[in-house]
Amino acid sequence: MRHLRFAQGTPVLPTAGAGWLRALAAVCRGELASRWSETQREDFARRARRINYLSMEFLMGRALGNALDALDLVPAAREGVGGDRALADLFEHESDAALGNGGLGRLAACFLDSMATLGVPAFGYGMRYQFGMFRQAIRDGRQVEQPDSWLQAGDHWFITRPEIRYPVGFGGRVEGPPAARRWLPAEAVEADAFDFVVPGHGTHRVATLRLWQARAIESLDFAAFSRGEFHAAAAPRARDEAINWVLYPDDSTLAGRELRLKQEFLLVSASLQDIVARHIAEHGSLDNLADHAAIHLNDTHPALSVPEMMRILVDERGLPWAQAWAQCERIFSYTNHTLMPEALETWPVPMLEHLLPRHLEIIFEINERFLALVRQRLGDDPALLARASLIEENGERRVRMAPLSIVGSHRVNGVSQLHSNLMVQTIFADYARIFPGRFTNVTNGVTPRRWLALANRPLSSVLDQCLGRGWRLDLDLLREFVRFETDPAVREAVLAAKRENKVRLAQRIRRDLDIAIDPSSLFDVQVKRMHEYKRQLLNVLRVIADYLDIVAEPERPRVPRTVIFGGKAATAYVAAKTVIQLIHDVARVVNHDPRVAGRLKVVFVPNYGVSVAERVIPAADLSEQISTAGTEASGTGNMKFALNGALTIGTWDGANIEIAHAVGEPNIFIFGLRAGDVARRRELGYRPRQVYEENRQLKAVVDAVAEGRFAPEEPHRYWGLVDSLLDVDQYFVLADFADYLRAQQRVDRAFADPRRWATMAIHNIAAMGQFSSDRTVREYARSIWGIEVR
């Protein structure tokens, strides 16, 4: 209590939720700041090799609950605010930190948690977005993007570092002879540092998330202001600070694309300047930079780190090219997160020449030396050289950021075994020949501290009673839980924990969306980023099939279902937005048809993010992981759901495969084409219209959409979607439809037997030890970063 009064700055304890949030956050932040200083002293004394993890996203979620858990302050907080219920209500006052969107950012957040817990010397580097990607609202069934003003209620967790700021330049010209090039930027901003301290669990060590915020060097054109030209006077400030406004600005315009490039370069430049400055302060020389600094590129957004490091080492520090390049190759490693060629980032040469002229020169030099190496190793093969070049020469000349990351790194990893295999067989096959041994696999993982201990208190209590509390730090201990699969009391406790979470979610949905759902129904959940390859469309077509079936045979007994969707579509992604609207149109019809009452409900949970996931995932009975085989790199949602006792229905894709091996195929519902089948059918000429014509049930479903049954006010609304399905069906929705329905029938039979369902859930929970991000980080440390971890 004394600490709370001190933090509040008054002898009287706060009474309002916002006041308690500020007070508790201040107490935690003070302790975390102390642990941060202690951690930095330890790392300096050990001359440790630090891991610097660069990512455009860090989807941290709310901080208070995790901090209280890690600092062992939950009992004191509970006493202070007046009990468990009051503390749970208090957590709702905190906004999610809007620093990410999907699995990429959540993976980065899990890694920081694990690095802190395992004692890995670590800095995460990202951007401090003022308005996130966007706050999703739904109006008339359509997604509407609004600013996510997460900082409006106050910044309770970030520590401002006014002494840490770096200039970041853009544009200008390059001067000097080839051996002494000098970049003279035409404009510059300052990158200011804000630190978020990530606590380890079971340790006093922490990790640092350092975020950059762009600040105009000249914040006001005073002469313009004095002339009364107020908008013009503030224009430079608005231009520069816009770099931090929004994650992934709409890139359908040239201005949007340039803003994205500026974001990526500011992250890269400020982070590398900080890493080099820290190393010089601690070691006095750059000769041993690679011995003490590892830089990991989380996807291609930070790929400009390679030429920027070369510019710093060669242009600013005077290292010979060969010595600088040798350092770079030892320093950098790169994680690829996609197999889809269209998703691999490229930048037009003219845009780079305009904004980063020196970096383009360095990229050309890297490419020239790389292609010489290819000729030396594999001969003068023009086709190979064209495919491997860092510069795309067909059509508009573009710089390929994934190959740049590969060439500049000593290790490149995929994020599931299938993904890593396909990576070296398809999109990066040439680079695997050029650099044998450079590619490896490290399957993703999730932190059990947030995704089970914090998010699912009822199930955690069951596990504690059966296994003790040690699983939080050693998730492999969950394997002992399988011993309780035949224990009726434990099976009932698992089902009771699930029901408690379902009741909680049902109450929230009723409060927020005014939709009543039955907690005893099967909660069938697909919550993730909206994208065609993730096939939310396949799921909604199945919902339509169920609806038509119920209407045709209303008396037939059925397993009641509540189908829950959630996820954001990128602002310019029309196809994904169309699917969101279709889900709402179908929900409007299904939920208001009295013939369906008690059998089927459809819900779309808006503004999906970490705190929403922490409510939805523990309540799920069924986890929909139904991407087209060969398209999902890994997935981490599949791991979170299984860890919380949901059963998976999914394709043989990404980490679903490793989950299936772990839990046993009788405890998962696998369906659909496999990656090889998809490739063969595409090669032979896939004819989706033929599939539609030959399946009566599928035809009825597609026709219902095409004829406007779910949008009678605008019958032609989904013609474009239907035409795309029948003429192209890029992601094999129609091809997998029939087998998907058969798998759903197997789900119904299993759910109708609670004893069987509970046993399957126990098998899933017990098999999740290998999917801890602690295991993932240990593998990175051993096979990529070259450090020892306890």
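The values are calculated or read from the model by the stated rules, or taken from the named source; none is laboratory data. As the structure is a computational prediction, the values presented were derived from the model and not from experiment. Glycine gets a Cβ as well: all are built from the backbone with ideal geometry, and neighbour counts include every protein chain shown. What goes into the accessible areas is simple: the full protein's heavy atoms, side chains included, and nothing from ligands, DNA or RNA. Shrake-Rupley method; radii C 1.70, N 1.55, O 1.52, S 1.80 Å.
Structural remarks
- Convex hull volume per residue in cubic angstrom - Cα atoms of the stretch 286-338: 68
- Acute angle (nearest 10 degrees) that the helix 254-283 long axis makes with the longest principal axis of the chain, alpha-carbon atoms: 60
- Cβ-based charge dipole, the chain, positive-most Cα from I515, Q730, S149: I515
- Distance (nanometres) between label positions extended 7 Å along Cα→Cβ at A343 and D723: 2.7
- Dipole of the chain computed with +1 at Lys/Arg Cβ and -1 at Asp/Glu Cβ about the Cα centre; of L505, A77, G200, farthest Cα towards the positive end is A77.
- Projected onto their three principal axes, the Cα atoms of the stretch 541-617 cover extents of 42, 28, 18 Å, largest first.
- Here the convex hull built on the C-alpha positions of the stretch 620-726 has a volume of 141 cubic angstrom per residue.
- Cα-centred dipole magnitude for the stretch 696-749, charges only on beta-carbon of K, R (+1) and D, E (-1), debye, nearest 20: 360
- Within the stretch 444-518, the proportion of C-alpha pairs whose separation exceeds 14 Å stands at 66%.
- Summarising the overall dimensions of the stretch 50-172 from its C-alpha atoms, the Rg and Dmax are 17.4, 60 angstrom.
- Cα centre as origin, Lys/Arg/Asp/Glu Cβ charges: the stretch 618-737 dipole, Debye: 180
- For the stretch 226-286, the share of alpha carbon pairs falling in successive 10 Å distance bins from zero is 19, 31, 24, 19, 6, 0 percent.
- Square roots of five times the Cα gyration tensor eigenvalues for the stretch 407-475, Å: 39, 11, 9
- Charge dipole (the chain, unit charges on Cβ, about Cα centre) - positive-most of H301, H359, A179: H301
- Expressed as a whole percent, the accessible surface of the stretch 615-727 that belongs to carbon and sulfur atoms is 49, based on a 1.4 Å probe.
- Residue-wise HN-Hα couplings along the stretch 452-458, as the Karplus relation 6.51 cos²θ - 1.76 cosθ + 1.60 with θ = phi - 60° gives them from phi, are 9, 4, 8, 7, 10, 4, x Hz; Gly and Pro carry x.
- Normalised by the number of residues in the chain, the mean separation of alpha-carbon contacts (under 8 Å, six or more apart) gives a relative contact order of 13 percent.
- In degrees, nearest ten, helix 321-331 long axis to first principal axis of the chain (Cα): 30
- The magnitude of the dipole of the chain, with charges of +1 and -1 set on the Cβ of Lys/Arg and Asp/Glu and taken from the Cα centre, is near 1320 debye.
- Compactness index (Cα Rg / 2.2 N^0.38 Å), the stretch 234-349: 1.21
- Residues D287 and H231, FRET efficiency given R0 of 41 Å [Cβ-Cβ distance, rounded to 0.05]: 0.20
- When the alpha-carbon atoms of the chain are used, the pair Rg, Dmax equals 26.8, 85 angstrom.
- Cβ crowding within 10 Å averaged over residues, with 776-786, 631-641 ranked highest first: 631-641, 776-786
- All-pairs Cα distance distribution in the stretch 620-673, expressed in whole percent, bin size 10 Å: 29, 63, 8
- Rg/Rg_ref, the stretch 388-536, where Rg_ref = 2.2 N^0.38 Å and atoms are Cα: 1.57
- Quarter of the Cα convex hull surface for the stretch 339-454, i.e. its orientation-mean projected area (nm²): 9.5
- Sorted from greatest to least, the principal axis extents spanned by the alpha carbons of the stretch 121-263 come out as 54, 50, 33 Å.
- Nonlocal amide H pairs with G126, under 5 Å, H built at 1.01 Å: R210, L211, W212
- Degrees separating the helix 536-552 axis from the principal Cα axis of the chain, which is the longest one: 10
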